[in-house]
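I have placed the structure first, in the form of structure tokens, so that the comments after it can refer back to it.
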Amino acid sequence: GIAVMLYFLAIEHTTAGLATLLNYTAPIWSGLFSMLFIGERVSAKVLLPLPVALTGVFLVMRAEPFRFERWVIVGLLSAIASGAAVTAMRAARRDENSWSVYASFCFFGFLVNAPLALRDWKMPAGSDWLALAATSLFAMGAQLLLTFSLRWVDAMTVGVISQLAVLISMALGALFLHERITAAAAIGSAMTIAGVVGVTYVTSLSKRTAAADEIVPEA
């Protein structure tokens with residue numbers, strides 16, 4: 001809940017693209033927290049493509065007007081909080097199913113954000129309802145898929161693969177919001193894709209398939 005709140009604040013006071021890019025530095029923090037608190041070992045094979053993906057994200061970020069200010073710090077804090085949340089979900093998935101973890105995520109997120117929402121409540125009008133409904137459905141689906149995957153995939157690998165969200169955000173922004181994609185952003189996007197493909201490939205070579213009796217039932 002805290003990560004989402006900080007992310008939305010960064011969107012409000014910067015731009016959607018910059019806020020997304022800052023938020024998606026979360027893999028650095030999730031990998032660090034996983035090593036420190038739940039004893040995960042980060043494979044050297046995963047660490048090789050990770051800098052490529054993050055360098056690509058940095059190039060995309062630098063392609064846009066950038067000014068270091070407090071709302072940029074808020075965006076970075078959203079990434080730190082997101083990394084902590086992914087680590088907590090990773091630990092919880094060892095003993096709980098996806099729906100239990102997701103329900104807890106929603107409940108505590110509601111407790112964190114409800115007071116702020118009620119304080120500055122504005123009634124949606126017209127097409128705002130459609131946008132809110134789409135946001136809710138896509139967010140719920142994405143969170144459930146993320147929670148489900150964390151039972152088998154380590155936090156660092158999930159974080160690198162999640163960098164695809166930056167590219168998708170850019171593509172949808174260009175398609176629906178007519179945002180311009182610069183050459184630096186295109187190069188950074190290519191590097192991000194390369195990092196994602198690399199981490200997926202190297203982990204597929206060594207990742208052991210979980211036995212049926214190791215998996216917590218989903219229902």
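Taken together, the values in this text are just the output of simple stated rules run on the coordinates, not laboratory data. All figures in this text were calculated on a predicted structure; none of them were measured in a lab. Ideal geometry is used to build each Cβ from the backbone, glycine not excepted, and the neighbour counts take in all protein chains shown.
Put a dot 7 Å past each Cα toward the Cβ at Ser136 and Ala171; how far apart are the dots in nm?
Those two pseudo-labels are separated by 2.8 nm.
Under 1.5 on a/c is rounded, so check that first for segment 2-206, then, if it is not, pick prolate when a/b is larger than b/c and oblate when it is not; a ≥ b ≥ c are the square roots of the alpha carbon gyration tensor eigenvalues.
oblate
Ranked highest first by the average count of other Cβ atoms within 10 Å around their residues, in what order do 114-122, 146-154 fall?
Highest mean packing first, the order is 146-154, 114-122.
Working out 0.36 nm times the residue gap between Trp121 and His13, then minus their Cα-Cα distance, what length gain in nm do you get to one decimal?
In short, 37.1 nm is gained.
Once both labels are modelled 7 Å past Cα along the beta-carbon direction, what's the Arg70-Leu111 spacing in nm?
Each label point is offset 7 Å from its Cα along the Cβ direction, giving 2.8 nm.
Starting from the Cα of Ala44, step 7 Å along the direction of its Cβ; do the same at His178; then give the gap between the two resulting points in nm.
Modelled inter-label distance: 5.2 nm.
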